[in-house]
Every structure is written in structure tokens, then in C-alpha cells.
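What follows is one structure encoded as C-alpha cells, with my remarks underneath.
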Amino acid sequence: MGHALNGTNAARNLPVHQGVQQPCLCEGGDEDRAFVVSAKIEPADGFDGLGPVGLFRLQMLGRLAQGIAHEINTPTQFIGDNTTFLQNSFAETFSLVGQLMAHLMEIQSMGGPAGESARLALDSMAHSDLDYLGVEIPKSIQQSLDGVGRISAIVSAMKNFSHPAAVTKVLSDLHQAIRSTILVSQNEWKYSSSLSTEFEPNLPLVPCYVCEVSQVVLNLIVNAAHAIGSTPIRSGGSFGKITVRTHLHPGEVEISVADDGPGIPLEIQQRIFEPFFTTKPVGKGTGQGLAIVHKIVVEHHGGWILFDTAPGRGTTFRVFLPLLRPDAIN
């Protein structure tokens, strides 16, 4: 993969032309490429929107998803609370069983009819599965609690992701938005890739339409997963790798999504942000994912996009969002 120049100003000062490669942005062989997109790409006919009906359906789906998440959350809380009660009760009950066995052993040592009864009781307990149950039941309860915790986390992420879009930019926690997006997109990447994050520790709140930024991250993660999935089976069936990073630059914030897939062929690099352009078979892709990313970043946020790629070594998409000046925030 090409090595981008440090910082962002160096790239920004270069002349940017729609559909023209910027080879000065990367160092390496002829196959290492970087491409800057910060100019407006005219949408294809009909892309300016999904139409009133399509937009209404998307809004309704968002509301339905939020409502379903709320409905799932309530019974999940019941299950979690009741399972925690069973966990505590079992621990106390099994402790009493241990005390009972100690008393029976003491009675057995006294002999006589009571001692014989105690011996029979202890033999019966020895032939039971108490030891096994004492180990496996706590494990099962803990696994149930872990599962409930995962459900709660996914539900919370769904509620955050489907939250109604703000009409104005608000200062937002990008890391929380990215975590929620990663959770709700698990089904897209978990079968082919591992996903890790490397977050800027001092990232400030960023003025943005956070729902739209979440959509950008979602589209880039899905794009990375599909790229890895299109790679011939790796040796040993190993998973691909997706890394989501954030970085703070002077005056702007960077979100990057990197994959170790096959890279973007040189002959299509100029077209990947075109609406409806796709290399997938008919019915497998709409060609709108990266076009939507471009529209949100460039047109809605005044940001810019850079990607660098190399055949066989993967692709990194880097999104830059501007930060407001302190006096503008005030």
C-alpha cells in the first residue's frame, strides 16, 4: 500500500481535478496509488434522491427499527435481571449444600443409626452430578448473561444508529458513533474479517450530522468486507483484517477504514465514486455506497476523501471532516 504524505495540508495544496489521479500523494512503485476526491461529482440522473416515496420509506424504517429496538430492550432487561437472580441464588444454595455435607460427615463419624443414615445420604450425593453441576451451572448462567449483554449492546447501537437525523450540525462523539456502527454491521464482516479500532485518545467533539457520519462509516466497513470477501480463499482459511482509525489534524478530524483485500484495479479507480458504478454482478450491488459517502462528506460536511490502494495489499479510505473554530462554536 502506498505511503501517504504526512499531514493533510500537503495533499490539499495539490491541484485536484475530478477523475484525475494524484500520483504525488504516494511514495512507492508504479502500482501504489492515492486518489484525492474533494470536488463535486455530478450525480447520475435520478441520484439526487430516492424520491419522496423512497425517502419516506427510509424514514419509516428508521422509526420502526428504533421502536423494535425499544421493544426488544424491555424483555431483555427482564431476562438479564432474572438470570442474575438465578446466579446469586445458585451460589447461595450450593454453599448451603456444602455446609449440609459437612454436617452429614460429622454425624457419620458419630456412628449409630444416625451415622448410618448420614452415610447413606453422603453415598447418594456422591453418586449424583453435584460436582459437575457445581461447575457447569455457573458457566451456563454466565454465558446467558454474556448473551443478554450482547443483545443489550446491539439494541443500544441500533437505537443510536436509527436515531432521527438532526436538522443542524451538532457537536458529536465520533467514537461512540463508530462503535455503534461496528456493532450493527457485524453480520456484514464477521464471517470474513476481524475488525479492530485505533482511536485518537484526545479526539474532540466534532460538529457534524452524526447519523450521516455513521452512514459513511457503515458504507466503508461494508465496502471493505465485500472487498475481502471477493478475495480468493486465503491459505489456511485465515480471515481478512479491517481497521478503523481516527486521527486529529489541525482544523480537521480523520476517519480511516483500511482493509487487506485485493485493492482497487487501476482502470476503475477514477470511477468508484460515480453513482451506480459497481463491479459486482447484477443484483449483488447498487453502486450507491461510495457515492453516498462522497455526497455526505463533500457536499454535506465540506470535507474531502482520499484513498490509497495497491493490488494484493488492500485499500484505505480516509475521510476528513472540518472542525469549527472555537469562536464559531461559541
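The values are calculated or read from the model by the stated rules, or taken from the named source; none is laboratory data. Note that the structure is predicted; figures quoted are calculated from it, not measured. In this analysis, Cβ positions are derived from the backbone assuming ideal geometry, glycine residues included, and neighbour counts consider all displayed protein chains.
Structure notes:
- Evaluating L130 against the criteria (1) assigned by TED's automatic domain parsing to the domain that holds T246; (2) aliphatic (A, V, I, L, M); (3) modelled with pLDDT under 85 leaves one unmet condition, (1).
- For P113, the conditions (1) free of Cβ contacts under 8 Å to residues at least 24 places away in the same chain; (2) touching a Pro at 6+ places or on another chain (Cβ under 9 Å); (3) not small (G, A, S) all hold with the exception of (2).
- Selection status of L218, more than 18 Å from R318 (Cα to Cα), modelled with pLDDT of 80 or more and either crowded, with 20+ Cβ neighbours inside 10 Å or in the same structural domain as P311 (by TED's automatic domain parsing) (or both): no
- Put simply, of L220, L205, L248, L195 the only residue that is hydrophobic (A, V, I, L, M, F, W, C) and touching a Lys or Arg at 6+ places or on another chain (Cβ under 9 Å) is L195.
- Among residues of the stretch 280-300 being modelled with pLDDT of 70 or more and over 15 Å from I221 (Cα atoms), the one that is surrounded by the most Cβ atoms within 10 Å (Cβ to Cβ) is V297.
- Applying the criterion of being among the small types (G, A, S) and part of a helix (DSSP H, G or I) to the residues of the stretch 100-117, the residue that is surrounded by the most Cβ atoms within 10 Å (Cβ to Cβ) is G115.
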